[in-house]
Each structure stands twice: as structure tokens, then as C-alpha cells.
Amino acid sequence: MTPTTEAAAPRARRTRIRFGALGPLVALALLMILGAILNDHFLTLSNLANIVARASFIGIIAIGATFVITTGGIDLSVGSMAAFIAGVIIIIINSLVPSMGTGWSVILVGIVAGLAIGAAGGAANGVLVTAGRIEPFIVTLGALGIFRALITFLANGGTLNLNFQASDTYSPLYSGNVLGIPLPIIIFAVVAIIAEVALRRTTFGRHIAAIGSNEQVARYSAIKVDRVRLMTYALQGFLVALAAVLYVPKFGSANSSTAVLWELQAIAAVIIGGTTLRGGFGRIWGTVVGVIILELIGNILNLQSFISPYLNQAFQGAIIIIAVLLQRSRKTTN
Amino acid sequence: MSETIGTAVPSILSANRISKSFGDIPVLFSIDFDVRRGEVHAIIGENGAGKSTLMKILSGFEQPTSGTITYDGKQVTLPPNGEAEALGIVLIHQELNLAEHLKVVDSIFLGREIERFGFMESRLMRQKAQALLDTLHVNVDPTARIDTLSVADKQMVEIAKAISRDARVLIMDEPTAVLSLAETTTLFEQIRRLTARGVAIVFISHKLDEVMKIANRVTVLRDGQLIATVDAAVLTPDSAAQMMVGRELSNLYPPKHEPDVDAPKVLSVRNLEAPGIEDISFELRKGEILGFAGLIGSGRTAVAEAVVGLTHRTGGEVEVNGRPVHFANVAQSLAGGLAYMTKDRKGKGLLVNMGLTPNLTLLTLDQHLRGVFIDTVSETKALDRAVRRFDIRARDATVRVGQLSGGNQQKLMLGKTMESEPAIIIMDEPTRGIDVGTKQQIYHIIAALAAEGKSIILISSELQEVIGLSHRVIVMRLGRIVGELEGDQITEEQIVRHQMGIEGKAAA
């Protein structure tokens, strides 16, 4: 309409978009202030480190979910799959202890097997979505049921406990630290940085956004749509397994109520972070902020006495709905 | 149909000194416009001239920044979101607004279902729908599902829906853009029936010949300004085009440079079979522009998609530069030097929610890698080059592609396709729905590409365009090639006779 090529961009427009993009950070800051008002210990380094460490399970899963959701897909099976893989890791380690002892080699076998099973499980979801042409919602809803039943079956309705000595070997992976920084935080941060770079600066990331924006355009633009989508589900499965690898040393057990509703938290974190649920745009740092927001809310609910902490998940549920509403109103005001 | 309805007939809907700005950007400047009962008033102008905005204001979808609307002699403020339909002002969008899974009858009565005791009176509605379709001479089963209808029939359903709402002013946004010649004729008959009943019609089109055929009066817009409102009878194609672009368009089509007779064959297709097409054989020489004419649905796009591997071919051979190829997907076809530019800009060609750069480089991202990372500097340079080469006009590179005009989208898509440096380019409707000025630019680009040795297949439903550009023309009908025209044979009449099945082989 305007016959100018690359004229100076209206500055007001830029700043408005910036402000919208920073929404999650604003929410995070408000929650920090609220927490500090409610409890003196809130802003201590140990409390904050604890919050981020606890957020790392969901955080790593939510990073995978960011990839899947950016392509316009969804994975509801992450919670059940995490529980299943935690159970499998425990079974593998326990069964190897008599022959291999309780050293690191046994733990390593458990970890590698867990990661492989996670990637394979995710890839299975991906194959059903792409080659099977089934809605991701249906595929992963089915997988949610299957994995939940499998962990219940493996635990025989009870709880799988990690061998005690093996647990001693394994637990530093969660409780240990490097230069005073807890290991789970380091792993979470490394995964987040790699993911952010992959989403923003590689062809894989660009193709993911293109598919989420318009799958037909992607196909007509020589993008191997099925392969890319399959890879996002496999990646999601791998990251679920990584979360399970960190979960086992912390709790040393797995049962049918392990990781229940993690899919809700992971998806909530992604949406709060500004990734669009319909696909086409995703950002990892937003997801990281979203996960920390969710963890903060739980933490703050525990620090005060007006509202029952049992309502935590109600808050998470409400937040996911509000976040989508905000996304939509932002879109319509454009 | 070009006789003017006397000024004695008062206008039913008029816009008085309407201006409109979006943010700081003015798009309409003090426009006067009116339409009378029983009249067809056409609006023409280049993309970005403000036609769509004016139409939206006339139907309440947008409010003017200043100026007034008079309807039925009274100054009114039209309600938003299509609620003006209740007043009798109906806008039929270019992308038709029908729910694909509903039946025809449900669509016609959508939101105004006839009920008794809380239940729908299905039979009564069906009868009324049938009666309505009958009076409009529309041969569509009221119980058919919308997604089983052709585009032309869907449009007729939209019109029936409008009439059932007692439309007194019908505003149509490029209704013929996706119609074949025959379908357009049917639509025009419909329009004449409506005007005979006193309906006022506002008609937007890019096709000048159509406008002169159907309109009583024509309003020309350019860059948001009202250039003139004239009787269609006094309008000539030249004068209209000149008013639209503000310059002479004597050389709409560049001169043809026939390729040498002994130019090598770069593409040869033999007995190709795929869903919707049969027994397709043709050859393309280096530097040649080969036109593909035919009605919509005659299988031209199906040929292109089968050749580049977007659909599976079930038989036949394809050779590129003498070597047999069987592309399984677009990536392989690109690697073989063969690119396909889709006719569906927004659905298949461009990511409308993204900026210019990711769209331009989507096909060829591998050329902008440093290690495993995307080199944004190299991408930006590519955009600069494409902007210059194809004259893409955008406020800035961050603007979303969906906000560009159709012409600029088309040029961006052309840039995207050419990024892969293909030797053979299949262009599917490269000027659909874009303005005359941009068309001319694209014609010159196509001719220049051929002159520098690229080979081009031009699929187009605009006969003038096929005739004006092609060195040779293949005509398709019902999934088969029914004729091949060269030199002096390339005339409108010859092509039409072939595509109607009056002449040529397999004219069953």
C-alpha cells in the first residue's frame, strides 16, 4: 500500500510488541514480589534454587512440548510416559544389581536404556501421528492410558523401589552440585540453551515453525513435514526420559501416581511462555519462565495460610485458560 | 447491459466524503460513492487502491474515520460484523463464508432456522430452500453438503442466502476470480436477474472486460483516491487501465522471443498418468514459455503436481535434460532444477503469519547456513536482492506477509521460487487476483527469465495472458491434452474451442 521499500519501521509498533513479549517476565516479577511480601525466606538463594531444581523435571518436559506444540501438535502422554520410564529404570537397575553390583556402570545402563525407551516411545507417537494420519490428541491420549496402565502393572498395583545401595550411587545426580549450582539446574539450563538455539537458529527450528504456521506451505516448500514432526515427538520422548532419569534419584521409587498431571503443567508452562497453541511460533525461554511461574505459585501457596495448597492444580488449570485468552485478545487487537 | 439507469432513480446506498485510516496510515481519501436500485456499480483499481476497505465500510465491517453513509435516504451508522445483513446490505467475501460440513439448506437458513416448539422445521426449510434455488435457476440439491459443491455453486448458495435475507444491496468481492468462463456467464445471468428485481449490486473485479460487460457505472480508485465514476458505456479497456495505473499500458505484454528451433529439450513428459489426469505428453525446450490453457478443473495443476512429486504418478515417464526422473517430493524436484509455484498463495505458497525473510528462504534454507546455524545476515542479503529484483514493496521486512497486497505476495512468492535457481519453472496462475500494474511487471519478469534461458510452463485461466506470453500453448480438457497450438494458431477462439471440446482430439 505504501510505496516505500524498507522505510523506517514505526517505532511505536516495535515497542508494543516487545511489551507483549515480555508478559511472562512481568508475571514472574509480580509473583516474586508477592512471595517476598508473604515470607521472609522466600527470596533466599536456597529457596529460589530449590524452586528451580524442582521445576527442572517439568521444565525439561515442557521444552520438548514447546517443539511439539510449535508444529501444531500436542503430546498428552508425557506424564504417564515419565512414570513408566522411571519404573523401567528402577526395574533394570534392580535386576542388574546382583550381577553387576551397585556401581555407576549399573546406573548408566539404566539411564541409557531409559533414554532409549523414551525416544522410542516418542517416536512411536510420532509414527502414528504422521504415517498413521491420526490426530495427535487421540494418539497421545491413548498413549497416556497405555503408559499409566503399564506402570501400574509393572509395580503390580504397588510401588517400585530402587535398590538401596544403587540409590546411594545414583542420588548425587539429583542432589549433587557443580560450583555450588545443583546438577538438575545445570542440566535444565543446558537443555534449555540448546533448545532455544535449535528452535531459533537451525533449519530444524525454522521448519518446525513453518509446519505449525501452515503445513501445506511447508510441504510445497520442500520441507519433509512427516520427518520433522516425527522428530519433535521423538525429541519429546527423549526429554521425558531425561526428566525421569532425574526423578528416580530424587524419590527412589515409582508407582501409579507418579508424575500425574505433568502433561497439564508442561502444556500450561508452554502456553504461559507465549508459544501459540495452534502452532507457528514457539519460544523456549518463555517456557522456562512459564515453568518457574507454575512452581512459584505452588511454593507461594505453601508459604501462606489463606488458600489451601491443595488448590494448586486448580490454579494451574485456570492459568492455562487465562494464558490462551490473553493470546487471543492480543491477536484480535492487532 | 451497459445502458445507464437514469439519475431519476435515487441511490439506495451512498458514501459521502468517506475517509479511512488504519493507525497513521490513510487508505481512503474523501470518497463519494453511491449505488442505485437495479444497478450494477463496479469498483476497479489496483491492489491497495482501497477497494476492499471501501467495500467493508459500505457493509459495516469497518467504520469510516470521517464521512457519512446514507442508506434508503437516511444517514446511518452501519452495525459491525455483518449485522448490516439484517438491514439488507450483504457482502459476499472473496473467500466464501460457508461452513463446509453443513448442507445447502442449513447454510441458507443458518442463524435464522425456522422452528416450532423448539424443533427445527426441516421439511419446511428444505421446501423453501428448493423454491428459492428454483427462482434463481440454481441447479443445486438443497440437501447436498457444501464441501461437495464446486466453487461456482458455493457462490450461488451465498447469493441464495443473501436473497433469502432480503438483500437490497449485494456487494461482491471479486466473485469471478476463481470462476471459469462458463461459470462467469452463469453468474452474470444471475446478476441480471437480481438487478431486474431491483437489487443494487456493487461488483469488484480485476477483469476489465467483465466489468464492461456487466456494469452500468464504474468507479475507479487509485491509491485511496476517487479517480472517476463513469458510465460503463463510455469506458474502453485502455482508458480504464490508464485511470487505474495513471500511466499508459501500451506494452502490457513484452515482445516474444521465440527460442531457437534446435534449442535442447529440457523437459519431456510421456503418457503421464496421475489422479485426475490421463495420457499427458508434451515437451519443453530451453528458453521456451509453454502455456497451459483450460477450464478450472481441467487437470493443469494436477499435471504440475504429478511432475514435481507432490502427487504420486501412476504411469508414464518424465525426463529432465534427457535423463529419466521420478521425483518423490518437492526437495528432489528442486534438486533436479524444476520448481513449481503454486496458485494458492495463502494456502500453499506463503506463511502469512511470518515475515518476509523466513518466507523467501524457506525453500532454500540450506544455502544460508553457517555450520548448523542459520546465517541471518546472508538471509537479509537475499531479501535485499529479491526486493530489488522483483520490486517487492513492504513497509519493512518484519511486516507479516498476510498484510502485503496480493501483488506483493505474488512477487515474494516468485522471489522465493527463483531463490532455488531452477532451470524449469512451472508457474500456476502467476497473476491471479492481482492488479494490472503488477501483472505487467510479472509478465516482463517471466519474459526476461525465458530470455536468459529458463524454461517456463505457464498455467493460466486468463486467455489474454496465455496468448500474450506463450510461444506454444497446450489446451487441456477433462484431464487430457486436447490440443497444441503454435504461432498464428494461438488465438482466443482456438483455445476456447479446444477447451470447450468443440475441436481437438479426445473431444468426447
Q: Identify all residues within region B:14-46 that are assigned to a strand (DSSP E or B), under 24 Å from B:ASP238 (Cα atoms) and within 12 Å of chain A (Cβ to nearest Cβ); write none if there are none.
A: none
Q. Within the bounds of region A:256-272, is there any residue that is over 16 Å from the mean Cα position of the chain (by Cα) and either within 25 Å of A:GLY122 (Cα to Cα) or modelled with pLDDT under 95 (or both)?
A. yes
Q. Based on what the data block shows, is B:GLY347 surrounded by fewer than 21 Cβ atoms within 10 Å (Cβ to Cβ) and out of contact with any Phe, Trp or Tyr (no Cβ under 7 Å at 6 or more places or on another chain)?
A. yes
**Q.** First in region A:220-242 and farther than 14 Å from A:ALA209 by Cα, second anywhere and of a type in the set (Lys, Arg) and at pLDDT below 95, Cβ under 6 Å, 6 or more apart
**A.** A:TYR220/B:LYS348
Q. Do we find that B:LEU124 is without any contact (Cβ under 8 Å) to a residue 12 or more places away in the chain, assigned to a helix (DSSP H, G or I) and in the same structural domain as B:PRO175 (by TED's automatic domain parsing) in this structure?
A. yes
**Q.** Qualifying positions in region A:248-283 - surrounded by 23 or more Cβ atoms within 10 Å (Cβ to Cβ) and in contact with a strand residue (DSSP E or B) (Cβ under 8 Å, 6 or more places away or on another chain)
**A.** A:VAL248, A:ALA254
**Q.** Count - residues of region B:375-395 that are closer than 19 Å to B:THR417 by Cα, hydrophobic (A, V, I, L, M, F, W, C) and more than 8 Å from every other protein chain (Cβ to nearest Cβ)
**A.** 4
Q: Answer with yes or no whether B:THR357 is in the same structural domain as B:ASP260 (by TED's automatic domain parsing), out of contact with any Phe, Trp or Tyr (no Cβ under 8 Å at 6 or more places or on another chain) and under 17 Å from A:SER221 (Cα atoms).
A: no
Q: Mind counting the residues in region B:97-116 that are closer than 25 Å to B:SER205 by Cβ and surrounded by 16 or more Cβ atoms within 10 Å (Cβ to Cβ)?
A: 2
(Q) I need the full set of residues from region B:52-107 which are assigned to a loop (DSSP other than H, G, I, E, B), under 26 Å from B:SER21 (Cβ atoms), of a type outside the set (S, T, N, Q) and touching a residue at least 40 places away in the same chain (Cβ under 8 Å), in order please. (A) B:GLU62, B:PRO64, B:HIS93
(Q) Quick check on this structure: which one of A:SER56, A:SER46, A:SER95 is among the small types (Gly, Ala, Ser), under 18 Å from A:PRO184 (Cβ atoms) and over 16 Å from the mean Cα position of the chain (by Cα)? (A) A:SER46
**Q.** helices (runs of 4 or more DSSP H) within region A:200-305 that include 3 or more residues within 19 Å of A:ALA189 (Cβ to Cβ)
**A.** A:225-251, A:262-272, A:284-303
(Q) Given the criterion over 16 Å from A:PHE238 (Cβ atoms) and at pLDDT below 95, identify the matching residue among A:GLY142, A:GLY87, A:GLY101. (A) A:GLY101
Q: Evaluate region A:257-265: report whether one residue or more is touching a residue at least 12 places away in the same chain (Cβ under 8 Å), more than 29 Å from A:LEU326 (Cα to Cα) and touching a helix residue (DSSP H, G or I) at 6+ places or on another chain (Cβ under 6 Å).
A: yes
(Q) Among the residues in region B:321-329, are any within 16 Å of A:ALA210 (Cβ to Cβ), assigned to a loop (DSSP other than H, G, I, E, B) and either more than 8 Å from every other protein chain (Cβ to nearest Cβ) or touching a helix residue (DSSP H, G or I) at 6+ places or on another chain (Cβ under 9 Å) (or both)? (A) yes
(Q) Considering only residues that are of a type in the set (Ser, Thr, Tyr) and within 8 Å of chain A (Cβ to nearest Cβ), which ones fall in region B:334-374? (A) B:TYR340, B:THR342
Q. When you scan region B:164-275 for helices (runs of 4 or more DSSP H) that lie fully inside it, which ones turn up with 3 or more residues that are among the β-branched types (Val, Ile, Thr) and not assigned by TED's automatic domain parsing to the domain that holds B:THR431?
A. B:181-196
Q. Across region B:137-149, what is the total count of residues that are under 25 Å from the mean Cα position of the chain (by Cα) and not in a helix (DSSP H, G or I)?
A. 5
Q: Taking the options A:ILE117, A:ILE111, name whichever one is out of contact with any Gly (no Cβ under 7 Å at 6 or more places or on another chain), touching a residue at least 24 places away in the same chain (Cβ under 8 Å), surrounded by 13 or more Cβ atoms within 10 Å (Cβ to Cβ) and closer than 25 Å to A:VAL228 by Cα.
A: A:ILE117
Q: Among the strands (runs of 3 or more DSSP E) lying completely within region B:450-506, list those that include at least 1 residues that are polar (S, T, N, Q) and buried (at least 23 other Cβ atoms within 10 Å of the Cβ).
A: B:455-459
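The values are calculated or read from the model by the stated rules, or taken from the named source; none is laboratory data. No experiment lies behind these values; they were computed from the predicted model shown. Note that we place each Cβ from the backbone using ideal geometry, even for glycine, and neighbour counts take in every protein chain shown.
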